[in-house]
Amino acid sequence: MTQAKIPPKPGKETIYVDVDDEITSIIDKIEGAKEQVVALVLPKRSTALQSIVNMRLLKRHADGASKNVVLITTETALMPLAGAAGIHVAKTLTSTPEVPVGPEGASSSASVPVKTDDGTGPINLKEDSTEPENMPSKIDYDKSIGELASAHDYDNPETIELGADEEEASAAAAASEKLPKAPKNKALKVPNFDRFRLFLALGILGGIAFIVFIFLAIFVLPHATVAIQTTSTPVSATVNLQTSGGATAVNTAKGIIPGISKTSDQTATQQITATGQQNNGIKAAGTMVFYNCNQQDTLTGDNRTIAAGTGVSANGLTYITQQSVVVPPSHFVAGICQNDQKSNQVNVTAQSGGAKYNQDATTYAVAGYTTVSGTGSKMTGGTDNITTIVSQSDVDSAAQKLTNAGTSNFAKTFETQLASQDYYVFTSTLKTSDPQTTSSPAVGQAATSATVTVKVTYTVLAVHKTDLRAAIDASLISQIDKTKQKVDDSSVLTDSNISVTNQTSPTDATLNVAVNTSAIPIIDTNSIKKQVVGKKSGDITSQLSSIPGVKAVNVHFRPFWVSTAPSKTSKITVTIQHVNGS
């Protein structure tokens, strides 16, 4: 008996596509494949199958070569194109292939026609069929590609032709023995590697995070703060110091401090309204003769000479002589001047223009000559032409206001500025120069307004605070143990009453200093940090409390899990607070 020939096993062949492969190259690879099922592994960003034309061309050539193509890819952009062309797609080589949903919503579970080897017609991959000899068996696309080939051995076991004797022996053997059942065609369970990789990645990230946390918790985050409260001992002294402009450094033995004279200019301006008036009219003029009533000149016969430009005044009006003139002495009778000897006549002109200088003849006093008088003719010709000018009184009034308003504020600002530069300023030595006043336009110029500028120079004695502290500390050293205590420099100047008793120059002065401050224990913070490294709070408190002058110790660790001081001194902070008393 001759059994029917079993169709050959539909083997699987995997083809890897390069990113640069074109559609013609891919088709050649499929047509050259030896197996019926071809797994086409596509690279990421492959462009060969990015068009529906190429996808359908691939399907047509695969059908023509009797190849069942499965695209191995996860690119979502290719799914609609594969669905439209009717090509199966699987995510991995072990995943179940299916036809994706096409652009028009075709279902992937629909039957997919596959041509037989002899081209007699399509078969349904989802239905059972009894294929003739040499025809390929159906392909179940609900299974992974790896299962397709192995399932064929169970569905179609190989058979061979037997002779007559062999057929009888075979029949007897079949009657006496029960043939084993073919295993059920069930899908093999394949591990979910995507989920495994997710858990593996999460585990790795968790491990890294744990290592980072341990590193931070041990080497970065731990900090310690050690607050030490110490007692201080009051000390006081009264000493005289000397500032000197010639000294270049402090001399604590002689109590000499370099003195510095600091100066600063204050400039202030103010706009004023001019109130002065000037008469630019024609000046009045006339003539005059002089009499000399100096009795001594009468006895000696001396004359008096009145120079040109001498002023003669009457009724508050002044006139100026235009020529010089010699005045002989007059005679006296019973001690009374007779005014009988007069000088030659001279011309006089009013000091300023104006009609007010037009006055009748009268007697004039002569500037610089108490015994000489003059008699003038009627003064005429004066006219008025009044112009507003900047007067000296306008400028003086503005200067006084600027000086009074700005002196106090500027002095405080000057002292504050010097103090910020680490100078100790002796405010009692502050001196101001006379104001230098200028006006624009100048005094006497025609104007309705003017700008008045006042400049005042301030000078004060100052010394460097470090020099002053050193000189005061030197006077207190004898009252403390230098090996265990030191003067509290932070308060020595604020606790001192310093006055200037004598200033002989801007930089030289005698200072009287009365200081009431305190002495504090000498504690080296760097040494403390080294001592507490790696120790617990109780051990640190016990060790530091034994230091002379230490009143209390407070230790704080952070974060909360830290129980010992860090191993690095840079992560340890030591603060010292001084309190009065013991």
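Read the figures in this text as sums done on the coordinates, not as results from a lab. None of the values given here were measured: they were computed from a predicted structure. We place every Cβ from the backbone using ideal geometry, glycine too, and count neighbours over all the protein chains shown.
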- Message: Please report the net charge: other residues with Cβ closer than 14 Å to the Cβ of Y423, K and R +1, D and E -1.
- Response: 0
- What FRET efficiency comes out for the pair T24/T76, r = Cβ-Cβ distance, R0 = 25 Å, nearest 0.05? 0.45
- Describe numerically, in nm with one decimal, the distance between label points set 7 Å from Cα along Cα→Cβ at N502 and at S542. 6.3 nm
- Equivalent ellipsoid dimensions for the range 427-468 as semi-axes, Å, which come from the Cα gyration tensor, largest first: 39, 8, 6
- Item | A514 versus S567: modelled label distance in nm, points set 7 Å from Cα along the beta carbon direction | 5.9 nm
- Dimensionless Rg ratio for the range 464-582, taking C-alpha atoms and the 2.2 N^0.38 Å reference: 1.48
- Using only Cα atoms, what Kirkwood radius does the range 257-327 have, in angstroms? 18.3 Å
- Task: Assuming 1.306 mPa s and 10 °C, estimate D for the range 294-353 with Stokes-Einstein, Rh taken as the Kirkwood radius over Cα pairs, in µm²/s.
- Result: 123 µm²/s
- Task: Could you compute the FRET efficiency for T305 and A446, with r as their C-beta to C-beta distance and R0 at 35 Å, rounded to 0.05?
- Result: 0.40
- How many nm is it between the label spots at R558 and I282, if each spot is 7 Å from the Cα in line with the beta carbon? 9.7 nm
- Message: Distance between the C-alpha centers of the range 374-388 and the range 344-359? Whole Å please.
- Response: 5 Å
- Message: Going 7 Å from the Cα of T375 along its beta-carbon direction, which residues of the range 301-340 have the amide nitrogen within less than 15 Å of the resulting point?
- Response: 328, 330-331, 337-340
- Note on the structure: Computed on Cα atoms, Rg of the range 392-454 relative to 2.2 N^0.38 Å comes out at 1.50
- Query: Per residue, how much space in cubic angstrom lies within the convex hull of the C-alpha atoms of the range 319-465?
  - Reply: 215 Å³
- Rounded FRET efficiency, nearest 0.05, which uses the C-beta distance separating I522 from F196 and R0 of 60 Å: 0.35
- Hey, got the Cα dimensions of the range 281-384 along the principal axes, in Å, largest first? 47, 23, 19
